[in-house]
1. Can you pull out the residues in the range 42-92 that are part of a strand (DSSP E or B) and within 20 Å of N121 (Cβ to Cβ)?
2. State the number of residues belonging to the range 95-107 that are open to solvent by 10 Å² or more (accessible area, probe 1.4 Å) and either farther than 20 Å from M204 by Cβ or not in a helix (DSSP H, G or I) (or both).
3. Taking V100 as meeting all but one of (1) more than 9 Å from the ligand (Cβ to nearest atom); (2) over 10 Å from the mean Cα position of the chain (by Cα); (3) within 17 Å of A145 (Cα to Cα), write down the number of the exception.
4. Only one of L119, L113 is at pLDDT 95 or above, assigned to a helix (DSSP H, G or I) and buried (at least 16 other Cβ atoms within 10 Å of the Cβ). Can you tell me which?
5. Within the range 178-202, count every residue that is open to solvent by less than 60 Å² (accessible area, probe 1.4 Å), in a strand (DSSP E or B) and more than 13 Å from L63 (Cβ to Cβ).
6. Can you tell me which residues in the range 31-68 are more than 16 Å from E11 (Cα to Cα), under 16 Å from the mean Cα position of the chain (by Cα) and open to solvent by 40 Å² or more (accessible area, probe 1.4 Å)?
7. Testing L209 on (1) exposed (fewer than 13 other Cβ atoms within 10 Å of the Cβ); (2) modelled with pLDDT under 95, one condition comes back false. Which one is that?
8. Does any residue of the range 50-71 turn out to be more than 9 Å from the ligand (Cβ to nearest atom) and closer than 16 Å to S109 by Cα?
Amino acid sequence: MGDWGRAAYLEAQGIQDRRVLEAIARLDRAEFVPERVRGEAGVDAPLPIGYGQTISQPYVVALMTEALQLQGYERVLEIGTGSGYQTAVLSLLCREVFTVEIVPELARSARRLLRRLGLQNVYFRLGDGSLGWPEQAPFDCVLAAAAPSDVPLPLVAQLARGGRMVIPVGPMGGTQELLRIRRSRHPGELPLVERLLPVRFVPMTGQALSQE
Ligand code: SAH
């Protein structure tokens with residue numbers, strides 16, 4: 001165990017995108033978790049990473065990444081860097097990742113780890129990701145790893161036409177729904193919302209949420 005290099009498990013769970021399976025196979029999840037839970041890195045479950053936060057379940061990382069339908073040219077906004085594991089997966093599959101984390105210690109250690117792994121197409125920001133990263137918008141894709149009770153409007157506004165957002169939405173502590181939101185290429189057409197999976201993520205904190 002401890003080896004997500006065997007993508008066969010994720011494939012058996014229904015993940016089909018070869019590029020996603022290969023990216024996950026290239027990374028060692030054990031490097032992204034604290035020493036004390038390293039032995040459990042091979043289990044398909046979230047694990048504590050400190051500060052009340054968790055590293056996401058590998059299946060959910062794979063599913064969310066696949067749902068973005070990355071081709072390789074995209075600029076992706078990620079909310080909730082956490083351990084940096086999902087960030088690293090994205091960085092192998094798109095042009096640039098812009099990742100925002102609200103807990104300084106997590107932002108710092110993820111940045112250090114991704115630098116050490118030689119992943120150079122990742123830009124880090126410490127702050128409230130519910131506001132997005134307006135200076136770098138628009139984004140071809142947005143991925144949120146923390147759950148707001150409603151989709152933050154700034155994130156929709158920063159999504160490019162034809163872009164995809166994957167985000168867990170729902171009440172704190174309860175079951176949330178993982179949504180894929182596609183922004184139409186045609187001005188005036190409403191975004192298309194699909195429900196992908198019931199999930200349980202840590203709550204998204206922040207300003208854009210309390211203003212709604
Ligand atoms: N994909 C990450 C998930 C980490 S958990 C991983 O696998 O490690 C979700 C993260 O979102 C936490 O680190 C939490 O601190 C962060 N977060 C919560 N609300 C946020 C906000 N408003 N802006 C940025 N990050 C936020």
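The values are calculated or read from the model by the stated rules, or taken from the named source; none is laboratory data. This is a predicted model, so every value here is computed, not measured. Note: ideal-geometry Cβ built from the backbone for every residue, glycine included; neighbour counts use all protein chains shown. Surface accessibility is based on the protein's heavy atoms, side chains included, excluding ligands, DNA and RNA. Shrake-Rupley method; radii C 1.70, N 1.55, O 1.52, S 1.80 Å.
1. Within the range 42-92, R75, V76, L77, E78, I79 qualify.
2. 5
3. Just one mismatch for V100, condition (1).
4. Of the residues listed, the single one that is at pLDDT 95 or above, assigned to a helix (DSSP H, G or I) and buried (at least 16 other Cβ atoms within 10 Å of the Cβ) is L113.
5. Number of matching residues: 1.
6. P46, Q53, T54
7. (1) is the only condition that L209 fails.
8. Looking through the range 50-71, at least one residue is more than 9 Å from the ligand (Cβ to nearest atom) and closer than 16 Å to S109 by Cα.
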